[in-house]
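Below is one structure, written out as C-alpha cells; comments come after it.
The values are calculated or read from the model by the stated rules, or taken from the named source; none is laboratory data. It should be emphasised that the depicted structure is a prediction, and the values quoted were computed from it without experimental measurement. Every residue, glycine among them, receives a Cβ derived from its backbone with ideal geometry; neighbour counts consider all protein chains shown. Quick note on the areas: whole protein, heavy atoms, side chains included, nothing else; ligands and nucleic acids left out. Shrake-Rupley method; radii C 1.70, N 1.55, O 1.52, S 1.80 Å.
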Amino acid sequence: MQIPEKIHNLILEEEYRKDDIGMSDSSVLLFHDKVLKIQPCCEEAENEYCMMQWLSGKIPVPQALACEKMDQKSYLLMSKCSGKMACEENYMQEPELLTKLLANGLKKLWSVGISDCPADWRLDRKLKAAEENIERGLVDMDNVEPETFGENGFRDPQALLQWLYDHRPQEEPVLSHGDYCLPNIFGTGSEPTGYIDLGRTGIADKWCDIALCYRSLSHNYSGKYCEKSYEGFEESLLFKELGIEPDWEKIRYYILLDELF
Ligand SMILES: Nc1ncnc2c1ncn2[C@@H]1O[C@H](COP(=O)(O)OP(=O)(O)OP(=O)(O)O)[C@@H](O)[C@H]1O
Ligand SMILES: [Mg+2]
C-alpha cells in the first residue's frame, strides 16, 4: 500500500490490523497504539482533522499525529483511544451502564464552550450539504430506515429535503459530535475515554446527537447490525440519565436529516 512518506516514517514497519466496523468508504488501519484513517479528500476529512486539534485538551479525542494528502486521499494518523467501544459485548450486556456512558458523553460535549468553535453544522449548512449529497448521488438508499421512503414515506430524497426545509425546528446550539452512534464512542465504565469519527463535529442543535444516539441504541439492541439482539434497553433510560423529556418531533427530524448523509 502507498502511504505518504511522513506518515510512513511515523509508523515504520509496525504490524496492523484492518478495521471492518465502519460503513463508509474510508479504511482504517489499527496499529499497536496508533490508527491510520484513509478516506477520499473531502470537507468532512478536513473537518475531522481540524476538530481533533481544536478539541484536544477539552474532551477526550485521539491526538492527531499527522495529516497528509496524496492522490486525492487524506491520511490521518492519530493515537488509539483507550477504553472499550460502546457497542462491545460487555456494554451491550449492561444497558444501564451503557446509557450512563452515552448520557455522560453527551453532557461532556455540551459543556464545551462554542464561541470560538471553528465548525458550524447548524441547519443552514447541514441542509445545503444534504442538497449536495443528493445532487452528487451520494445518498445511500440501501442504508435508510425502511419507512423513510416508499408507500407511506417520502417519494424520494428531494421530497424529504423539501420537507426538512419546511419543518426546520428551533435550534439549541451546542458542541455536537454529528454522528453520535455507539461505534464512535469509547468508554471505561460510565466515563467517555474517546470520541472518534469527527467529520461532522461542530456547532449544531443538541437534538441532533440525542436523536442519533437514540437510533443507534435501538438498532444495536434490536440486532440490526450483528444479528444478535439484547434485552433490557428502554428508551426512557437515556432520557432519565439526561434529565430531559424526549422531544419526539425533533428526534424524528434529525433521524430523517441523517438519511441524506
Ligand atoms: N482513534 C481510534 N482508536 C481506536 N479505534 C479507532 C480509532 N479510529 C477508528 N477506530 C476504529 O475504526 C472504526 C471506524 O473508524 P471511523 O468511525 O472513524 O471511520 P468511518 O469509516 O468514518 O466510520 P463510519 O462507518 O462510522 O462512517 C471505529 O468504529 C473504530 O472501531
Ligand atoms: Mg464511525
ask   = Considering 160, 175, 138, which residue is closer than 19 Å to residue 260 by Cα and either touching a Leu at 6+ places or on another chain (Cβ under 7 Å) or more than 16 Å from ligand 1 (Cβ to nearest atom) (or both)?
value = 160
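Condition check ((1) in contact (Cβ under 8 Å) with a residue 60 or more places away in the chain; (2) within 14 Å of ligand 1 (Cβ to nearest atom); (3) in the same structural domain as residue 27 (by TED's automatic domain parsing)) across all residues:
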| site | (1), (2), (3) |
| --- | --- |
| 40 | no, yes, yes |
| 47 | yes, yes, yes |
| 50 | yes, no, yes |
| 54 | yes, no, yes |
| 58 | no, no, yes |
| 61 | yes, yes, yes |
| 65 | no, yes, yes |
| 72 | no, no, yes |
inquiry  = residue 124 - would you say it is under 22 Å from residue 251 (Cα atoms), without any contact (Cβ under 8 Å) to a residue 60 or more places away in the chain and open to solvent by 40 Å² or more (accessible area, probe 1.4 Å)?
reply    = yes
task = Evaluate the following for residue 201: is it among the polar types (S, T, N, Q) and over 16 Å from residue 90 (Cβ atoms)?
result = yes
ask   = Within region 57-88, can you find the residues that are more than 22 Å from residue 9 (Cα to Cα) and either in contact with a Pro (Cβ under 9 Å, 6 or more places away or on another chain) or at pLDDT below 95 (or both)?
value = 59, 60, 82, 83, 85, 86, 87
key: Of all residues making up region 102-142, the number that are in contact with a Gly (Cβ under 6 Å, 6 or more places away or on another chain) and closer than 18 Å to residue 163 by Cβ   = 0
ask   = Of all the strands (runs of 3 or more DSSP E) wholly in region 114-228, which have at least 1 residues that are away from ligand 2 (no atom under 16 Å from the Cβ), within 16 Å of residue 104 (Cα to Cα) and modelled with pLDDT of 95 or more?
value = 173-176, 185-188, 191-195
message = Filter region 56-96 down to the residues that are touching a Lys or Arg at 6+ places or on another chain (Cβ under 8 Å), open to solvent by 40 Å² or more (accessible area, probe 1.4 Å) and either hydroxyl-bearing (Ser, Thr, Tyr) or in a loop (DSSP other than H, G, I, E, B) (or both) and list them by number.
response = 80
remark   = Filtering region 26-55 for residues that are within 18 Å of residue 138 (Cα to Cα), open to solvent by 10 Å² or more (accessible area, probe 1.4 Å) and assigned to a helix (DSSP H, G or I) leaves a count of 2
Residue identified as open to solvent by 50 Å² or more (accessible area, probe 1.4 Å) and farther than 23 Å from residue 122 by Cα among 229, 218 = 229
